[in-house]
Amino acid sequence: MSRAQRLVIDRIACTGHGLCAELFPEHLALDEWGYPIQAPGPIPAGTTRHARRAVAACPALALKLAPAAAAQHPQNPQNRSDPANAVRKYR
Amino acid sequence: MTTDTYTAGRRGYGRHPGPPRPPEGPYGERLFAGWMTTGRPADLAEHLARYGAPPSFAARGKHVLIEAVARAGLTGRGGAAFPTATKLRAVARAKRPERVVVANGMESEPAASKDKALLRLAPHLVLDGIALAAEAVGAAEAYLCVAEKRMLRDLRELIAERRAHGIDSVEVQVCTPPHHYVSSEASALVNWIGGGEARPTTTPPRTAERGVAGLPTLVDNVETLAHLALIARYGPDWFRSRGTAESPGTTLVTLSGATPGPGVYEVAYGTPLREVVSLGGAAHDVQAVLVGGYFGTWLPAGQAAALEYSGRGLAAVGATPGAGVLAALPSTSCGLAETARVLEYLASQSARQCGPCRFGLPAAAEDFAQLAFGHCDRGTRERLEHRVALLAGRGACKHPDGASRLAASALHTFAHEVRRHLAAGPCPAALQAPPLLPAPTAAIGDGDWR
């Protein structure tokens, strides 16, 4: 049994080809411009094959899988705004 | 740009009772203590007479200062309020022996002038902080980044004078990276100093792991370093004698908008926001307050006034002190128009690296402008909300998150205005009131990041 995994998107490398959402629709959708919108949290159980397929197919090499725990970095000291205050608070 | 802080602050004086003040300018008890006493920037002799030379921690071990900063509870004053000791420790414990300190005095927030005021009035506190931080993390290389070329010569002279007096063991290089909104982000700064472009890079790795030229790098705001210089002298208990248990110490605030005394004020965390705003004199007819800066939050005036100015006090309503900006919006202005102009500015400031920031942010800004200045239908408004929500968490840096937060808070706080604009088009204030928040319009070319 493998541990929970998280899909990490390199937003600078990503150029919006959109293959990932086609190959891994359980976790990814595309915005109006073809850039991925990621569901929160780790990838759903049982979708590792689809996730790997998306990672391998990305022409920009912008995707990777990481252990879910390790991907939850302590708050980045360089972040200029506090991510604890998400937009959702206003919804 | 904003009105000059030093002359603008003058108008606030004499209008209300309080402690005796110098004839003009910013006000504060710690970082601005010298200014409050003499009314002029502190030169080296005056600085040394007031504070003494920065203490050396060589004999006590460099961790002593880091532990003092930890006990003081100092947090970053650049916007993120990250615990300073955590960053110091990360760099001090890095495997690579060569380390770098970068003092961030860029102050890219157009509505902020606190860092510029501090660098002008108490530059030696900042330089002390750089030297002390460099000693604490074991850095032999230090940079002070400022926005304005005209500050270079003065600062270099001060540094040379300190070297001549044997005060600093580290040589501080003053530099002026490109002055765009996202260029003062830590990864952008270290990238530029290392010879690259002043654009944010993907994190992790954080600068504490890989910064200037790949070396472990401490990037701290200049105000943070000035506080550190005082903690080094007077200790954590002294630092905690002002502020709250969760947000100790004082902090610099740039007050602007509907106030008789715009300018920079040093306040203790925990001061009621109403009192902070009234430091500039009796503000009246305020409908809302922008708290934090252009990554910040619009709050209705009544709600804002009742809050405690601190991380915890503002968190209750989803806001943060951010970069210390407080802008009071008069009832004669339109909050939607102000936000639309700021969003257009933020969109123009994108490093154009990540899709959501490159396409989503300008699109959201256009929808917002339509709402503020044009005739907006329900569909456009729903698309705007959707686009705003989709900005958060989808960039290499937090630029889109900040813009998203600002836009969402405007839609919430000015909900009544939104309905009016939807029903009847732009209000007279949107079309006629002069812009309150500065939004420089210079476009950034591809070559402007070097």
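Where a number appears in this text, it was derived from the coordinates with a stated rule and is not lab data. Here the structure is a predicted model, which is why all the values come from computation and not from measurement. Glycine also receives a Cβ, built like all others from the backbone with ideal geometry; neighbour counts cover every protein chain displayed.
Here are the numbers for this structure:
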{"quantity": "Among B:107, B:385, B:46: highest mean-square fluctuation, GNM of chain B, C-alpha pairs under 10 Å", "calculated": "B:46"}
{"quantity": "Spatial separation of Cα centroids for the stretch B:85-133 and the stretch B:307-367, in angstrom", "calculated": "25"}
{"quantity": "Sorted by Cβ neighbour density within 10 Å, fewest at the top, the residues B:135, B:338, A:32", "calculated": "A:32, B:135, B:338"}
{"quantity": "Highest-fluctuation residue, B:188, B:136, B:160 considered, GNM on chain B with Cα pairs under 10 Å", "calculated": "B:160"}
{"quantity": "Global form of the stretch B:29-139, assessed from the alpha-carbon gyration tensor, a/c cut-off 1.5", "calculated": "oblate"}
{"quantity": "Mean residue ellipticity (222 nm) of chain B, computed from DSSP H runs ≥ 4 via -39,500 (n - 2.57), nearest 500", "calculated": "-12500 deg cm²/dmol"}
{"quantity": "Residue order, fewest to most beta carbons within 10 Å, for B:278, B:331, B:113", "calculated": "B:331, B:278, B:113"}
{"quantity": "Under 13 Å, Cβ to Cβ, from residue B:232 - net charge with Lys/Arg +1 and Asp/Glu -1", "calculated": "+1"}
{"quantity": "Cα-based helix-to-principal-axis angle, B:399-413 vs chain B, degrees rounded to 10", "calculated": "50"}
{"quantity": "Crossing angle, helix B:63-72 versus chain B [Cα axis fit, 0-90 degrees, rounded to tens]", "calculated": "40"}
{"quantity": "Cross-link pairs beyond the 19 Å C-alpha cut-off, checked among B:114/B:149; B:62/B:114; B:62/B:95", "calculated": "B:62/B:114"}
{"quantity": "Tensor-based shape of the protein assembly as shown (alpha-carbon gyration tensor, a/c under 1.5 rounded, otherwise prolate or oblate)", "calculated": "oblate"}
{"quantity": "Residue-count net charge about residue B:142 - beta-carbon cut-off 9 Å; Lys, Arg +1, Asp, Glu -1", "calculated": "-3"}
{"quantity": "Sparse-neighbour loop sites [GluC sites (Glu not before Pro); the stretch B:245-298; at most 16 other C-beta within 10 Å; DSSP]", "calculated": "B:246"}
{"quantity": "Residues residue A:39 and residue B:62, FRET efficiency given R0 of 51 Å [Cβ-Cβ distance, rounded to 0.05]", "calculated": "0.70"}
{"quantity": "Most mobile listed residue (B:43, B:401, B:128) in chain B, GNM with C-alpha springs under 10 Å", "calculated": "B:43"}
